[in-house]
Each structure stands twice: as C-alpha cells, then as structure tokens.
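Here's the structure we're looking at; comments come further down.
The values are calculated or read from the model by the stated rules, or taken from the named source; none is laboratory data. None of these values were measured; they are calculated from a predicted model. For neighbour counting, all protein chains shown are included, and Cβ atoms are generated from backbone atoms with ideal geometry for every residue, glycine included.
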Amino acid sequence: MKSQSVVRRNNVHTPKKQRGAAAIEFAAVFPIFFMIFYAIITYGMIFVAQQSITLAAAEGARAALRVGSATNPAEIDANREENARRAATGTGSVAYWLMPRLAFAPSLAPCGYNSPANSSIRCYSVTVTYPYKQYPLVPLLLGPLMNVVIPTQLSSTAIIQID
C-alpha cells in the first residue's frame, strides 16, 4: 500500500510555467550569498592578521625589558632592540606567518608625562606594521572597488615603561 502512495506522488507533474524556476532563483541569489561568504572570509583573515600583529608588538615590548648582562648603555640598547625584534618578528612570533612583509620599528623616548618630576622616565615602543593593500591575504575579486573597504595597512604599537 505504501508503494502505491509513493508512485502517486511521483506521478504529480509541475506545470510547464514552473520548470526552470529553481535555476533562475539560484542564479539570482547565489551572487549575494557568495559575496557575503567572501566578505566573511576576507574580514576574518584581516582580523586574524591584526590580532597576530597586536600580539607580536606586545611580545616585542615585553622582550625589550630583558637586556641580559649588558652594562654600558649602547650594549643595553642593542640587546633591547634585538630581543624586541626577535620576539616580535622572529620564528617564535605569532605574526611570523606574515613575514617577510612585516615592518618592525622600535623607539626609545621619554614617556611624555606632564609632571617635571617624571621627565627622566623613559618608554620603549614597538610598532609592527603589515602593508595589507600591497599584499592582501585574500585575493580581491572586484579589483579597485575593493580598495574602498579594505585597510591600507595593519599596524599595532605596544609601549612599556623601562625606567
């Protein structure tokens, strides 16, 4: 008895006006869904890269505190920069997957507190930058039109007080 009901359902024909409607609806809706999926992938990769760069700058700033057994100021500064560079962009860095396009910029300067008593306090900053517009992580489908919605560069700065 069940087999007869199945046969009856299969014998039901769609009107000739409805044939091909699903293909037309799919062709109309697919580009919209594809662009949404593409945007999710593109911005997901941008967020992952930005987070990696932020963590790399923070690790570089923390590593700048370690100066080893150096005693003279030039050697301390050289050790500080080398430790910061290695932590921010070295093989153990969270942003190493973006190498060799990462830019590393350390700087040592007064912290800029407004109090004259704090004028001798120095801060060390580490800036890590990735030129996203030149080297996008996901190919840009719409060419120059996509340049409006993607960042020119991804950058992060971490600052620590060393004195």
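Here are the numbers for this structure:
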item: Arg101, sole failed condition from (1) assigned to a loop (DSSP other than H, G, I, E, B); (2) within 19 Å of Gly60 (Cα to Cα); (3) at pLDDT below 90; (4) not β-branched (Val, Ile, Thr); result: (3)
item: Subset tally (residues that are among the hydroxyl-bearing types (Ser, Thr, Tyr) and at pLDDT 90 or above) for the range 108-137; result: 7
item: Cross-chain or 6+ apart pairs with Cβ under 9 Å, the range 73-92 first and free of Cβ contacts under 8 Å to residues at least 12 places away in the same chain, then among the hydroxyl-bearing types (Ser, Thr, Tyr) and surrounded by fewer than 19 Cβ atoms within 10 Å (Cβ to Cβ); result: Gly90/Tyr96
item: Conditions (1) farther than 30 Å from Ile36 by Cβ; (2) at pLDDT below 85; number of the one not met by Leu142; result: (1)
item: Residues of the range 89-107 that turn out to be more than 15 Å from the chain's Cα centre (by Cα) and polar (S, T, N, Q), as a count; result: 2
item: Test: residue in the range 113-136 that is within 17 Å of Ala58 (Cβ to Cβ), buried (at least 17 other Cβ atoms within 10 Å of the Cβ) and touching a Cys at 6+ places or on another chain (Cβ under 6 Å); result: yes
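Listed here are the residues, each with its yes/no results for (1) surrounded by 16 or more Cβ atoms within 10 Å (Cβ to Cβ); (2) acidic (Asp, Glu); (3) assigned to a loop (DSSP other than H, G, I, E, B); (4) modelled with pLDDT of 95 or more.
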position	(1), (2), (3), (4)
Arg9	no, no, no, no
Glu25	no, yes, no, no
Phe34	no, no, no, no
Gln50	yes, no, no, yes
Gly68	no, no, yes, no
Ala74	no, no, no, no
Ala88	yes, no, no, no
